[in-house]
Amino acid sequence: MADDPRQLMLYVQSKKAVTTFYRSGGPAAVQGLGSTMGGSGSGGDESPAVADTPVHFLSDDQARCVALTEEVAASRGYRIQVVDIEKVGRIERLIAEHLKGVQRFPVLIAPRGGRLEGVSEFSSVKLAEMMPAELKALRAFTYIKVRGGDLDRIRQILETLAPVKELHFLTGDWDILVVLEFPMAGANKRTVLDFVTERIRGIPEVLDTSTIVPEYTVTKFPLF
């Protein structure tokens with residue numbers, strides 16, 4: 001697993017129940033069942049085919065964690081290997097090494113050592129932190145300097161612009177940090193700068209801007 005940074009191990013702990021059931025085995029089994037219930041006919045001396053079969057099942061809480069983990073992994077390009085420790089045995093070396101000190105299940109282990117343990121730890125945010133992913137959109141960051149005026153009005157104007165995803169109000173040389181996001185298809189540095197110079201610098205109160213367009217971006221935030 002250490003050689004594959006995009007595969008994670010998810011350990012669960014099922015419960016085992018033993019069920020007794022009639023095994024469907026043809027006419028003899030049917031006749032035996034009928035005689036047991038007081039029916040008549042040939043084969044009345046035969047007993048029904050009964051088997052004690054162990055059945056493993058996950059609690060709803062653990063099953064939800066598995067489903068959520070697999071959903072997040074699929075959206076971010078990761079693979080999840082699910083191992084039920086009750087089925088493979090607790091004493092296997094690989095499991096013993098990975099689960100040393102574990103008290104609660106399920107347990108998700110990343111190749112670089114990150115770990116989530118217990119049902120309460122499994123959330124979209126924490127799973128996203130375990131599985132960093134490339135953004136599917138082009139992001140950029142613009143610093144804005146404004147002249148004295150109504151910041152609420154400037155905020156309202158910026159909020160109406162679709163590429164504006166976040167606004168951060170600062171102290172110092174710059175007054176506002178704007179996080180921009182553009183669909184990846186057809187977007188490039190010029191797309192960003194055209195938007196900044198035409199739309200943001202077109203606001204009367206804006207005196208100056210400075211924009212950063214990253215070459216490559218990875219996020220730990222959930223992808224929506």
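The values are calculated or read from the model by the stated rules, or taken from the named source; none is laboratory data. Values in this document were obtained by computation on a predicted structure and should not be read as measured data. Positions of Cβ are generated from backbone atoms using ideal geometry, with glycine treated the same way; all protein chains shown enter the neighbour counts.
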State yes or no: is Ile203 aliphatic (A, V, I, L, M), touching a strand residue (DSSP E or B) at 6+ places or on another chain (Cβ under 6 Å), not in a helix (DSSP H, G or I) and not assigned by TED's automatic domain parsing to the domain that holds Arg64? no
Unmet criterion (only one of (1) loosely packed, with under 13 Cβ neighbours inside 10 Å; (2) not hydroxyl-bearing (Ser, Thr, Tyr); (3) not assigned by TED's automatic domain parsing to the domain that holds Ser14) for Val125: (3)
Which residue out of Arg104, Arg112 is of a type in the set (Lys, Arg), in the same structural domain as Leu8 (by TED's automatic domain parsing), under 24 Å from Ser14 (Cα atoms) and under 25 Å from the mean Cα position of the chain (by Cα)? Arg104
Just give me the residues in region 78-96 being more than 18 Å from Gly118 (Cα to Cα) and either assigned to a helix (DSSP H, G or I) or modelled with pLDDT under 95 (or both), in sequence order. Lys87, Val88, Gly89, Ile91, Glu92, Arg93, Leu94
If I filter region 74-93 for residues that are more than 25 Å from Pro222 (Cα to Cα), among the aromatic types (Phe, Trp, Tyr) and either in contact with a Lys or Arg (Cβ under 9 Å, 6 or more places away or on another chain) or surrounded by 11 or more Cβ atoms within 10 Å (Cβ to Cβ) (or both), do I get at least one hit? no
For Ala74, all conditions in the list (1) of a type outside the set (S, T, N, Q); (2) more than 14 Å from the chain's Cα centre (by Cα); (3) in a helix (DSSP H, G or I) hold save one; what is the number of the exception? (2)
Taking Leu177 and the conditions (1) within 25 Å of Gly77 (Cβ to Cβ); (2) more than 29 Å from the chain's Cα centre (by Cα), which numbered condition does it fall short on, given that it satisfies the others? (1)
Listed residues Glu166, Glu181; which is without any contact (Cβ under 8 Å) to a residue 24 or more places away in the chain, in a strand (DSSP E or B), charged (D, E, K, R) and outside the structural domain of Gly101 (by TED's automatic domain parsing)? Glu166
Select from region 141-167 the residues that are surrounded by fewer than 16 Cβ atoms within 10 Å (Cβ to Cβ) and touching a strand residue (DSSP E or B) at 6+ places or on another chain (Cβ under 8 Å) and write down the one among them that is modelled with the lowest pLDDT. Leu151
Name the residues in region 98-146 that are closer than 30 Å to Ala185 by Cβ, in a helix (DSSP H, G or I) and not hydrophobic (A, V, I, L, M, F, W, C), would you? Ser124, Glu129
